[in-house]
Each structure stands twice: as structure tokens, then as C-alpha cells.
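These notes are about the structure you will find just below.
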Amino acid sequence: MDRKRIAGPELSVPPLFDKPQIVPQELAGEGRPDGRSPEDVRPIFLKTGLINQANGSAYIELGNTKLACAVYVLFFPTHCSSAFPRLITPPPRCSYGPRQNKKQTFSNMGLLNCEFKFASFSCSKRRGNQRDSQEKEYSQILSEALAPAVRLELFPKAMIDVFVTVLENDGTASCLAGAITAASVAIADAGLEMIDQVAAVSAVERSHHLVFPQRTQSFAKDQILMDATSAEEKLETGTLVVSYMPSANEVTHVLQTGETEGPVTVQAIEQCIDACSKIYTVMSAALVESLKEGERPRV
């Protein structure tokens, strides 16, 4: 008998990979905790002109999710939009915005530089000061979603800087969708010519492999929840973020993670497009309100 080896049991039980997930008590009701239906998004507050030193800025709230975006533009082409005449003469301290890109050779297309960052206090677990892999990925997605809407051909060999900071995180997917929406409004507030505004919304799929405590029933089929919160994202099996230009009727970017079936994904995209059309009215109203306010004081 080998005393250095541990003898295994004669009978063994295979592991359960599809173990049902217990739903917390606050999510065990028929509806959602905040009273919304599955296809409703949270109330949106959108305001431009948050940062006086920036040429364009926007602040957005999606429930408890809060983000701020700033766009720095130092000069304009002669054929740039004249809807924002206050931005033609930028403040002397501003040193950003379409600036020469010295890292590559001449290009007829400008470069949209986007930086996405979670504030250190924005999440339940404290974030570091340096950008991690998730923030770098979201920065790239933000650039890809906005680039089709901005007329970068007007800024040859130039770089436009867009900075997004998450102040409070109540749903990671909704943070990315809110960042795309706020950045689009901030770029328009800066006076840069765009083909159309880019609205974005997130959706999560909640599977039927969930068991409610003290109840015998479970989901009969997969459920799509629009603009999910952090608590709802803990039960997700798949996530979808759609960026959409309503006037041009064009999808600029689609991000899907997790496991979802084809028909469920098609249905989620259709619901996201409908929600983007509703968000577009809020974006337009915020830009119209900024025009009525007139020239903002500069510091």
C-alpha cells in the first residue's frame, strides 16, 4: 500500500456545471425592483456645458449611473458649423483639441482619441488610478462607435480628444452606453460637424436557469431587460450594447458578450433601436436648450 497517495472513493458523483442560481429576495418579484417593465429604460437627465474649460461637455444621469464627458477643440476649419459661434475663439489656456498627430504620417482623415475612465470612488470596489484592460477596451469601443458620425475628413492629420469619467456606476453596460450618448452630445456642443447624433442603450438577457427563494416557479423563457442595474447584471447570461444613429437609420457599433440565442439577440437589437430613438429626443432637447442659453461664461 502506497501511503503517499490518497485513495479516491469507490463511487463518485459528476460535478454539476449547470447549477441553478438563486435570485436575491429584492429581485424575486414579478417586475423589476424600480417598478420598470423589461423594455423600459431609466429616466435620463442630460445637460451640456458642465465643464467651462472644455469646448464641449455633457453630463448624463441614467438612474444612479452618472457620467461626465469633455471634448477639447482648439481651432475650427472655415467650413465648420457656425451654430456655436461662441466656440470659435477658445480660451487661451486651452491647449487641446484637433491637434497635430505627430506619431504617424500625413492622413486625410482625422483621429478621434477617446479615453474612458472609472473614477476611483465610482464602483463598489475601489478602482485604481491607472486605466485597466476594461477601461482601455471601452475607450476603443467608444472611438469606434463615434467615428462614423463625426466628419473626420475635415480635420486632416489632426486628433480630437474625448474624455469620459464615470462618477457613479450602477451597471457596467449602462456606463458604456451612457458614455457613447454623452460623448456624442459633447462633440455636437463643441461645434464639430456630425452626420447624426449617436444614441446608445444596453440590454441584458436573464436566463430561465434561475430559482426564486421560497417559490416553486422559475422563468419560463429568457427575458430581456433594458438598461439593467448592477443588481440585475449579476443575474445576466448575456449583454448587448447597441449604438445607433436614428436620423440616418444606421447602427454604428454592436457589442455582445455572454451566451445568447439568435432569435433573442435579434429581438434585443430591435428593442435597443426603439430605445435609442427615444433617447435621441432627449439628446436633441439638451442641445436646443444649450443654444437658448447663449454664450457660457469662461473661466
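Can you name the residue in region 232-241 that is farther than 20 Å from residue 254 by Cα and not acidic (Asp, Glu) and, of all such residues, is modelled with the highest pLDDT? Filtering region 232-241 for residues that are farther than 20 Å from residue 254 by Cα and not acidic (Asp, Glu), the one modelled with the highest pLDDT comes out as 234. If you go through region 125-177 and keep only what is of a type in the set (S, T, N, Q) and in contact with a Cys (Cβ under 9 Å, 6 or more places away or on another chain), you end up with 139, 140, 143, 165, 169, 172. Of the residues 252, 229, which is touching a helix residue (DSSP H, G or I) at 6+ places or on another chain (Cβ under 6 Å) and at pLDDT 85 or above? The match here is 252.
On inspection, residue 88 qualifies as at pLDDT below 70, of a type in the set (A, V, I, L, M) and either open to solvent by 50 Å² or more (accessible area, probe 1.4 Å) or under 20 Å from residue 181 (Cα atoms) (or both). Among residues of region 57-70 that are without any contact (Cβ under 8 Å) to a residue 40 or more places away in the chain and in a strand (DSSP E or B), none has a Cβ under 7 angstrom from a residue that is buried (at least 24 other Cβ atoms within 10 Å of the Cβ) and not small (Gly, Ala, Ser) at a sequence gap of 6+ or on a separate chain. Identify the residue in region 134-156 that is out of contact with any Pro (no Cβ under 9 Å at 6 or more places or on another chain) and aliphatic (A, V, I, L, M) and, among all such residues, is modelled with the lowest pLDDT. Within region 134-156, the match that is modelled with the lowest pLDDT is 152. What are the residue pairs meeting all of these: first residue in region 171-192, first residue on the phi > 0 side of the Ramachandran plot, second residue acidic (Asp, Glu), Cβ atoms under 8 Å, and 6 or more apart or on different chains? Taking only residues 6 or more apart or on different chains, the pairs are 171/227; 171/232; 171/233.
For region 111-133, a tally of residues being touching a strand residue (DSSP E or B) at 6+ places or on another chain (Cβ under 8 Å), outside any loop (DSSP other than H, G, I, E, B) and at pLDDT 90 or above returns 5. Could you list, in sequence order, the residues of region 157-174 that are open to solvent by less than 10 Å² (accessible area, probe 1.4 Å), more than 19 Å from residue 140 (Cβ to Cβ) and outside any strand (DSSP E or B)? Passing the criteria: only 171. Taken over region 64-78, the residue count meeting the criterion of being at pLDDT 90 or above and open to solvent by 20 Å² or more (accessible area, probe 1.4 Å) is 2.
The values are calculated or read from the model by the stated rules, or taken from the named source; none is laboratory data. Just so we're clear, the structure is a prediction, and the values are computed from it rather than from any experiment. Note: ideal-geometry Cβ built from the backbone for every residue, glycine included; neighbour counts use all protein chains shown. With ligands, DNA and RNA removed, areas are computed over all heavy atoms of the protein, side chains included. Shrake-Rupley method; radii C 1.70, N 1.55, O 1.52, S 1.80 Å.
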